[in-house]
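Worksheet: one structure, shown below.
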Amino acid sequence: MAARQDEAGIDRLFQLPLDEFTAARNALAKQAGQDSAAIRQLTKPPLAAWAVNQLFWQQRETYDALVKASDALRRTHKAVLGGRAGDLRAAGREHDQALDRAVKATMGIVTATGHPPSDATRQAVISTLRALPGDEAPGRLTRTLQPGGFEMLSGFPVAGGTRAAPKPVRAPERHEKEPKRTLTKAEQARRAKELARAKQAAGAAAQALQRAEHDAKREEFERARAVREAERASSALQRAREALREAQKELDDAERGAKAALGNRERAEQRASDAGTRLETAREAAEAARAALAQLER
């Protein structure tokens, strides 16, 4: 029963507003008994991961449709690479449509909860949605995800990779009496040149392919790094904005305090002035009374 309560508490934790996560996690850990240490290790998700979590909790139909389309696209890739029939274009189109709906819904959550819908946040959201399903429990992401690309297909058999090589096609048998034509020296030289050119072209094509693969990997790495840097910058900006809001609040409180203190001072000075006036009047009255008394006593 306690374990189920902890799981329910963790689910509620990941549904809270982002700025309440840390305090709520610490409070939950205090009540978790032997699971306290594990709960304290739960990491506050970045904005994009938090928003995708909210998509799971708030718009499950949209989330499930994307995961279903991702699984279907993966199965289609597997079928095609295995040499079986598969409509990759249709699967890709359905995945793109599901992804587009999920991106719009997730960014709507970002905007509705008062977070800045920056380009960096949008790119991190798209990246995470493309990578679903991830290796963390749905609705409990603690980090943004990166699509696996062709790595997600590792281990799939490629058509032709394990099949027997096709049998060579036999050339038509020549009639025994038909003499075999001997190539002339000119024809042999021409064929040798053609073979050399073909080998050179094949070598150049292989080098070009290798360079293209290298460039593609490098650009993918740079893109992933740019996304991470943009996400870190967005987080830093968010923290700076929160700090600015706190500083502005403290400034406003200080200004209100100073204004109230100034009002109190002005009122105190006025009361002191009034009291001084009354004191002076009382002194004059007392002096007049003493003079009148002295006059009567003569």
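Bear in mind that the values in this text are calculations on the coordinates, not laboratory data. Quantities reported herein were computed from a predicted structural model and do not represent experimental measurements. Using ideal geometry, Cβ is built from the backbone for each residue, glycine included, and neighbour counts are taken over all protein chains shown.
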message = If R₀ is 45 angstrom, what is the calculated FRET efficiency for the pair T43 and A208, using the beta carbon separation as r and rounding to 0.05?
response = 0.55
note = Net charge (Lys, Arg +1; Asp, Glu -1) of residues whose beta-carbon lies under 13 Å from that of T43, T43 excluded, is +4
remark   = Proxy exposure order for S118, S70 (fewest C-beta within 10 Å first) is S118, S70
